[in-house]
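What follows is a set of notes on a single structure, which appears directly below.
Nothing in this text is a laboratory measurement; each read-out follows from the coordinates by a stated rule. No experiment lies behind these values; they were computed from the predicted model shown. Positions of Cβ are generated from backbone atoms using ideal geometry, with glycine treated the same way; all protein chains shown enter the neighbour counts.
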Amino acid sequence: MDKDILRSLLCFRLQRSYHRKRSAFRLYQALAEREALAYRRELLLILARNAEKSAISHHDLNLRGVFLHGIADAGSSIGVILAAGCVYFFNWLWADAVASLLVALFLSISAISLIKDSLRQFQLTCKL
């Protein structure tokens, strides 16, 4: 009798833990998809507004910064989805930290190149 009670209690806890993980995964996935959609829409609007300035926009640092921001947000959303899947399916708790570090590395590299280009442009305007 006691074994049946313990077995049913264990099954109940395992099911509750499974449903909790599953609902958390679905929530993360829905939030990441919604965020990626919003940034994609914002990026398309900005690119459509600046399409007529195609010759100038190639060297426009503001547009490049917005583009890199959109890419970074989309990458972080994809990273969150992949990390949530790894945690959910493989129980790799470190996947979230690795995804965050990769996004931070990409942001740092793109920010440094953008800062260098803006300093170059600033030096050219100061010489005039």
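Miscellaneous remarks
- Karplus-derived 3J(HN,Hα) values for the range 62-74, using 6.51 cos²θ - 1.76 cosθ + 1.60 with θ = phi - 60°, are 5, 5, 5, x, 5, 4, 5, 5, x, 5, 5, 5, 5 Hz; glycine and proline are entered as x.
- Length available on full extension from Glu33 to Ala104: 0.36 nm per residue minus the Cα-Cα distance, which gives 23.6 nm.
- Cβ-based exposure ranking for Ser108, Ser76, Ser118, in which fewest neighbours within 10 Å come first: Ser108, Ser118, Ser76
- Of Phe89, Phe106, the sequence from fewest to most neighbouring Cβ atoms within 10 angstrom is Phe89, Phe106.
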